[in-house]
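Some notes on the structure that comes next.
The values are calculated or read from the model by the stated rules, or taken from the named source; none is laboratory data. Since the structure is predicted, the reported quantities are computational estimates derived from the model, not experimental observations. Please note: Cβ atoms are built from the backbone with ideal geometry, for glycine as well, and neighbour counts cover all protein chains shown. Just the protein is used for accessible areas: all its heavy atoms, side chains included, with ligands, DNA and RNA removed. Shrake-Rupley method; radii C 1.70, N 1.55, O 1.52, S 1.80 Å.
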Amino acid sequence: MASAQQSVTFETTVTANGNNTGIVVPVEVIDQLGAGSRPGVLVDLNGYQYRNTVGVMGGKHMLSVSSAVRKTTGLKGGDPVKVTLTLASGPREVNIPPDFAAALAADPKAEAFFGQLSNSLQRYHVDNVNAAKGEETRQRRIDKAISLFQQGKQR
C-alpha cells in the first residue's frame, strides 16, 4: 500500500441515478489517501467544501452529493468537477442549537445519553429541531427528544 497522503485531487463527473447523486472515487485515490476503504474526508467540490465519508456501492467507492450541496453549487448529474479529498481529522461534531443545548444541560441524564449517540443520530435530532418552522413545534420537538433520552431511547 502507498504511504498515506493528506489530500488527493482528481477530476471526474457527477454521477446521477434517479435521486441518488454522487462521485465515483477511483481506487487509486483511496489507495493514495491510505486510510482504508471508507475514510472520513473533507470534500472540496469545485471550491465548495463539506465533510463526508466514502462509501462503497456496487463495488465502487462513492461520495454522496446531497440535494443541499447540489442546490448550493448548482451541480447536476453529468457535470465535470474537480475534487480534492482531504483526510478528516478529529471526530465529527454536531452544532447543537442553543435552545436544545440548554434543554440538554438542564437534564444531566438526557445530556449524557445524547452524548453517547452516534454522530448521525445526534444530527438526526438536531436536524429535526432545526427543521421546525414555528417556535411551538420547535419546543415540542426538543421536549420529545429529551423525553426519549430520559427513557434511554435513541428515537
- Message: List the residue pairs whose Cβ atoms are under 6 Å apart, where the first residue sits in segment 109-137 and is within 14 Å of Asp99 (Cα to Cα) and among the charged types (D, E, K, R), the second is open to solvent by 40 Å² or more (accessible area, probe 1.4 Å) and not in a helix (DSSP H, G or I), and the two are 6 or more positions apart or on different chains.
- Response: none
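A quick yes/no check of all residues on (1) surrounded by 17 or more Cβ atoms within 10 Å (Cβ to Cβ); (2) part of a loop (DSSP other than H, G, I, E, B):
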| position | (1), (2) |
| --- | --- |
| Thr72 | no, no |
| Thr86 | yes, no |
| Ser89 | no, yes |
| Glu93 | no, yes |
| Phe100 | yes, no |
| Ala112 | no, no |
- Query: Quick one: is Val129 in contact with a Phe, Trp or Tyr (Cβ under 6 Å, 6 or more places away or on another chain), at pLDDT 85 or above, open to solvent by less than 90 Å² (accessible area, probe 1.4 Å) and not in a helix (DSSP H, G or I)?
  - Reply: no
- Matching residues in segment 7-33 - criterion: being part of a loop (DSSP other than H, G, I, E, B) and either among the basic types (Lys, Arg) or modelled with pLDDT under 85 (or both): Gly18, Asn19
- Query: So, of the residues in segment 26-51 that are under 17 Å from the mean Cα position of the chain (by Cα) and closer than 16 Å to Gln6 by Cβ, which turns out to be most open to solvent (accessible area, probe 1.4 Å)?
  - Reply: Gln49
- When Leu75 is evaluated against the numbered criteria (1) in contact with a helix residue (DSSP H, G or I) (Cβ under 8 Å, 6 or more places away or on another chain); (2) farther than 30 Å from Val29 by Cβ; (3) hydrophobic (A, V, I, L, M, F, W, C), which criterion, by number, is the only one it fails? (2)
- Item | Residue check, Phe100 under 28 Å from Asn52 (Cα atoms), touching a Phe, Trp or Tyr at 6+ places or on another chain (Cβ under 7 Å) and not polar (S, T, N, Q) | no
- Message: Checking Ala4 against (1) modelled with pLDDT of 85 or more; (2) part of a loop (DSSP other than H, G, I, E, B): exactly one of these is not met. Which one?
- Response: (1)
- Query: Which residue out of Val129, Val94 is over 30 Å from Val25 (Cα atoms) and touching a helix residue (DSSP H, G or I) at 6+ places or on another chain (Cβ under 8 Å)?
  - Reply: Val129
- Those residues that are assigned to a strand (DSSP E or B) and touching a Lys or Arg at 6+ places or on another chain (Cβ under 8 Å), I need them from segment 46-60; list them, please. Arg51, Thr53, Gly55, Val56
